[in-house]
Amino acid sequence: MQEINEPISVIFIYNSKKRYAKPYKINWKEKDYIVEEVCIHYFQEKKGIFHHIYVIKSGNTIMEIIMNSRTLFWEIERIGDLLQ
């Protein structure tokens, strides 16, 4: 996977009946990616701030995205192609 570390826009959904929250759509470099699957979600502390980290799949693309819980800003950390 390639290191990116760039800001992204994220549409995030929460379903109160099914009790789940997940990223729905990501926009990076003027391209939209629909999140087809959340492969993994975990928390990590960096410099005293908790981050939500998601590994997601969109088509043949896999991405690691991160949300800073203090600022609520999102970044794409890494991206890769599942076919390579």
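Values computed for the structure shown
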| read-out | value |
| --- | --- |
| Lone unmet requirement of (1) assigned to a strand (DSSP E or B); (2) touching a residue at least 12 places away in the same chain (Cβ under 8 Å) for L83 | (1) |
| Breaking point among (1) under 20 Å from S69 (Cβ atoms); (2) over 10 Å from the mean Cα position of the chain (by Cα); (3) of a type outside the set (G, A, S), for K22 | (2) |
| Cβ-Cβ under 6 Å pairs, at least 6 apart or on other chains, segment 17-29 side in contact (Cβ under 8 Å) with a residue 24 or more places away in the chain and of a type in the set (A, V, I, L, M), far side in a strand (DSSP E or B) and surrounded by 10 or more Cβ atoms within 10 Å (Cβ to Cβ) | I26/V10; I26/Y33 |
| Check on M67, surrounded by 11 or more Cβ atoms within 10 Å (Cβ to Cβ) and touching a His at 6+ places or on another chain (Cβ under 6 Å) | yes |
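Throughout, read-outs are computed from the coordinates displayed, never taken from laboratory work. Values in this document were obtained by computation on a predicted structure and should not be read as measured data. Methodologically, a virtual Cβ is constructed for each residue, glycine included, from the backbone with ideal geometry; neighbour enumeration extends over all protein chains shown.
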